[in-house]
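One structure is given here, and the rest of the page talks about it.
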Amino acid sequence: MPDPRDQPSALVELADDPTSRKKFLRMIGGGGGVAAMAVLLGACGGDDDKDTASTPADSGSTDTGDAKPSKDDVKGDIDILNYALTLEYLETDFYNKVVDAGLFKGKNGDLLKTFGEHEQAHVDALKATVEKLGGTPVTAPETKFDLTDAMAVAELAATVENLGAAAYLAQAPKIKNKEVLAAALSIHTVEARHAATLNTLVGKGITPDGAFAKPAEMDKVLAAVKPFIVA
Amino acid sequence: MSNTHNALAPELFSVEVHGMTRSSFILKSALTIGATAGAAAVGPFVSSAMAQSDGDIEIVNFALTLEYLETRFYKEAASLNLSKKVKDLAKEFAENEQEHVNALRGAVKQLGGKPAAKPKFEFGVTDEKSFLKLAQTLEDTGVYAYNGAGPMIKSTDILAAAGSIVQIEARHAAAIRLMRDEAPAPDAFDKTMTVDEVLAAVKPLIVS
């Protein structure tokens, strides 16, 4: 199986090249679909929560924010990003394996493949952001999933996505860097869209928590995904 | 006064969403919305929010206006000739949006502000097709609006609550999109919209 992480990533290229990044930021202007990615790439050196809260569209100009984030704040953000990265590695691997197993055909197969591509994009973006903040991205865990029964797999997918959405929801208020926060929010709602889709597929409620989604803290999430991690 | 505040105010007033206050306030012990959204959203007194609360009040009132809009829209379903499946969904979503309205109104009050008045809306939907089409636009816009405003929120309690609401909007959006045979998650990263963009998008639906 080809390792999806070997694919060249425009995001990583952008992250590595400040010139093309600036151009990219100018290019996207305001509120475009790729704004959130630009936000991730522009994450370094953003302001603290003191002033100039930026919208993603502004991210190009807030790189030079004068308020220096504290060391602890940056470390906290890196830890959160690496935690999110671990979950995204897990999801990416899961979808890759599901697609390879050929359990789903047609529309549902296409959906799961697309979701896997989204998770891969999240992985790429989160890795680049950890590096931009001066941290070291965690390595991908080795995963194991029981992929024998299609219905069980769909239910597992739903569980994982609902958990992912809850995990991002719990972390968002803890993120110090506004641009990292913007990016996390833009990933959070994609996980939510995945979760609702899979819930619909397996006959679960669209909003199982009711009108307000419940957050899941790190210890609970890590305990829940432990069975899927080999090492 | 923060840039955020300046950026928000003119647009909000331009569609005559009333009730914003710039007066100082006392942040109460725990936010009503937090109590609804779960333990994580309930926080202690947030001293840093004191100086910057006006911006949060305006953001919450902005969100409240969108939730009024969505609530009214889904209630519209009752008077349309829709399939049972869509009617049931609209009923469920209307209840969710009404809870968001209640929570956001409570949050504005807790922040010492005055909840925005409910505008009058006109949707111009006539059948299931036009209803679902507008539903998708409204839900996607809601997601992009919350995500755009999220980083400007100063209070972590309000941010947590906004997060728990926007996740529901995203779930609604995906479900509606599935019904319309559209990609439930059209992008790997959800877009963001500025207050300006959102208000321009919903302005045609606001009668007064």
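Read-outs throughout are calculated quantities, based only on the coordinates presented, and are distinct from any laboratory measurement. Just so you know, these numbers come straight off a predicted model, no measurement behind them. For neighbour counting, all protein chains shown are included, and Cβ atoms are generated from backbone atoms with ideal geometry for every residue, glycine included.
At the listed q of 0.10 Å⁻¹, the Debye profile of the range B:96-186, built from one uniform point per Cα, gives log10 I(q)/I(0) equal to -0.31.
Per-residue Karplus couplings for the range B:156-166, computed as 6.51 cos²θ - 1.76 cosθ + 1.60 with θ equal to phi - 60°, are listed in order as 5, 5, 5, 4, 4, 5, 4, x, 6, 7, 5 Hz, Gly and Pro entered as x.
The H on the amide N of B:PHE121, modeled in the peptide plane, is under 5 Å from the matching H of B:VAL207, each at least 5 residues off or on a different chain. Among B:VAL125, A:VAL230, B:VAL101, the ranking by other beta carbons within 10 Å of each residue's beta carbon, starting with the fewest, stands as A:VAL230, B:VAL125, B:VAL101. As a rough footprinting exposure proxy, the listed residues A:ASP93, A:ASP79, B:ASP181, B:ASP157 were ranked by other beta carbons within 10 Å of their own, and the order from fewest upward is B:ASP181, A:ASP79, A:ASP93, B:ASP157. Legend: residue pairs B:LYS118/B:LYS203; B:LYS84/B:LYS120; A:LYS144/B:LYS191, Cα-Cα distance threshold 21 Å; pairs beyond threshold, B:LYS84/B:LYS120; A:LYS144/B:LYS191. Pairs of alpha carbons in the range A:71-228 separated by more than 25 Å make up 27% of all such pairs. By the beta-carbon count within 10 Å of each Cβ, the least crowded to most crowded order of B:GLU67, A:GLU131, A:GLU119, fewest first, is A:GLU131, B:GLU67, A:GLU119.
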